[in-house]
Amino acid sequence: MATPSTTLVRPLFRTPRRFTPLRHTQQRTFLPNLAAQFNPLGASTPQTLSAHRTLPYPSAAIYTIISDVSSYSTFLPYCQSSSVTRWSAPDSTYQRRWPSEANLVVGYGNVSESFTSRVFCVPGRILESVGGGAETALDRREIAHHVHEGEGKIKSSEGGLLTHLSSRWTIEHVSDEKTEVTLALEFAFANPLYTALSVGAAPKVADTLIKAFEERVRTLLDSNPDMASASLQQLGEGEARR
C-alpha cells in the first residue's frame, strides 16, 4: 500500500507581530525660544516697566516740573531732544494750557529716532505721552482740553526703531511736604532682535529715568523755595525752567 502523504496546513490567521513603540526624543535648541514674545506679524509685544519714588516736596511743584516737556532733554537719559509742538485749550480747573503734542528724539549711543507723541495732562495728577500704536486709556472727560476735532492716533514713521511708546507719570498728594511719584513705561521695537537684546537691560530704564527726575526736582526746588510753595494756579507755563 502506498504510504499516505502528509499535507502541511497553514493557519488561516497569523499571529500578530509585536511592534516596539518609538521612543520620544526631546530636542533642545541652542537659542531660547523667543516666539512667545512676538505676535504673528513679527512685531514685538510691548514691554512694561515701572518705578516709584516718595519725594519730600509738594505735589503742585512736582507736577509743574513733569509737565515741562520741553526741558526733558536737559535731564532725562536717552532723551536727546524735546520740544512742544502743540498746546491744549485751557483746562476747566486752572485755566492753563498744557503740552498736547511733542517731538522727542530718543536714543542710546549711535542709535536714535525722532518720535512724535500725543501728550495728555490731568492737571496735578497725571501726565501721559503716547506714540506709535499706543493709545491713551484716560477718561476723555479728564482730558477734554486736549481733544480736538479730527485728531487721531499718531502713527510711527515707516522703518522706525519703535512701534509703540507710552509713558505715564502719576502724582499722588500725601501731605503738604510729601508726594508719591510713579513712572510707568511701555515700549515695543519694530525689530524682534532689538526686543531680545533689550530683555536684560530694559528693567533698569524706568529706575534710571525716575532717579534723574528726582535729581531735577531737588535741584530746582531746593534752590527756589517760592516755586516749592506755589500752587498750580500760581505757576505758569515755563515756570520750571527758571
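The values are calculated or read from the model by the stated rules, or taken from the named source; none is laboratory data. The structure presented is a predicted model; accordingly, all values stated were derived computationally and were not measured. Every residue, glycine among them, receives a Cβ derived from its backbone with ideal geometry; neighbour counts consider all protein chains shown.
Considering every residue within segment 45-66, establish whether at least one is over 19 Å from S166 (Cβ atoms), surrounded by fewer than 20 Cβ atoms within 10 Å (Cβ to Cβ) and of a type in the set (A, V, I, L, M).
Looking through segment 45-66, none of the residues is over 19 Å from S166 (Cβ atoms), surrounded by fewer than 20 Cβ atoms within 10 Å (Cβ to Cβ) and of a type in the set (A, V, I, L, M).
Give me the pairs: first residue in segment 212-235 and more than 14 Å from Y63 (Cβ to Cβ), second residue exposed (fewer than 13 other Cβ atoms within 10 Å of the Cβ) and among the basic types (K, R), beta-carbon distance under 9 Å, and six or more apart or on different chains, which are they?
Listed pairs, sorted by first residue: N224/R242.
Quick check: anything in segment 70-80 at pLDDT 95 or above and either aliphatic (A, V, I, L, M) or within 15 Å of T182 (Cα to Cα) (or both)?
Taking every residue of segment 70-80 in turn, none turns out to be at pLDDT 95 or above and either aliphatic (A, V, I, L, M) or within 15 Å of T182 (Cα to Cα) (or both).
Which residues, counting only those in segment 99-146, are surrounded by 14 or more Cβ atoms within 10 Å (Cβ to Cβ), among the small types (G, A, S) and assigned to a loop (DSSP other than H, G, I, E, B)?
If the condition is that a residue be surrounded by 14 or more Cβ atoms within 10 Å (Cβ to Cβ), among the small types (G, A, S) and assigned to a loop (DSSP other than H, G, I, E, B), then G124, G133, A134 are the ones that fit.
In segment 67-81, what residues are in a loop (DSSP other than H, G, I, E, B) and surrounded by fewer than 18 Cβ atoms within 10 Å (Cβ to Cβ)?
Taking segment 67-81 as the starting set, the residues that turn out to be in a loop (DSSP other than H, G, I, E, B) are 67-68, 76-78.
Hits for segment 67-81 are P77, Y78.
Consider segment 82-98. How many of its residues are surrounded by fewer than 17 Cβ atoms within 10 Å (Cβ to Cβ) and not in a loop (DSSP other than H, G, I, E, B)?
Number of matching residues: 4.
Just to be sure I understand, how many residues within segment 200-242 are at pLDDT below 85, within 18 Å of F75 (Cβ to Cβ) and part of a helix (DSSP H, G or I)?
Qualifying residue count, segment 200-242: 7.
Looking for something modelled with pLDDT of 90 or more, charged (D, E, K, R) and either in contact with a helix residue (DSSP H, G or I) (Cβ under 8 Å, 6 or more places away or on another chain) or on the phi > 0 side of the Ramachandran plot (or both) - is there at least one such residue anywhere in segment 125-144?
yes
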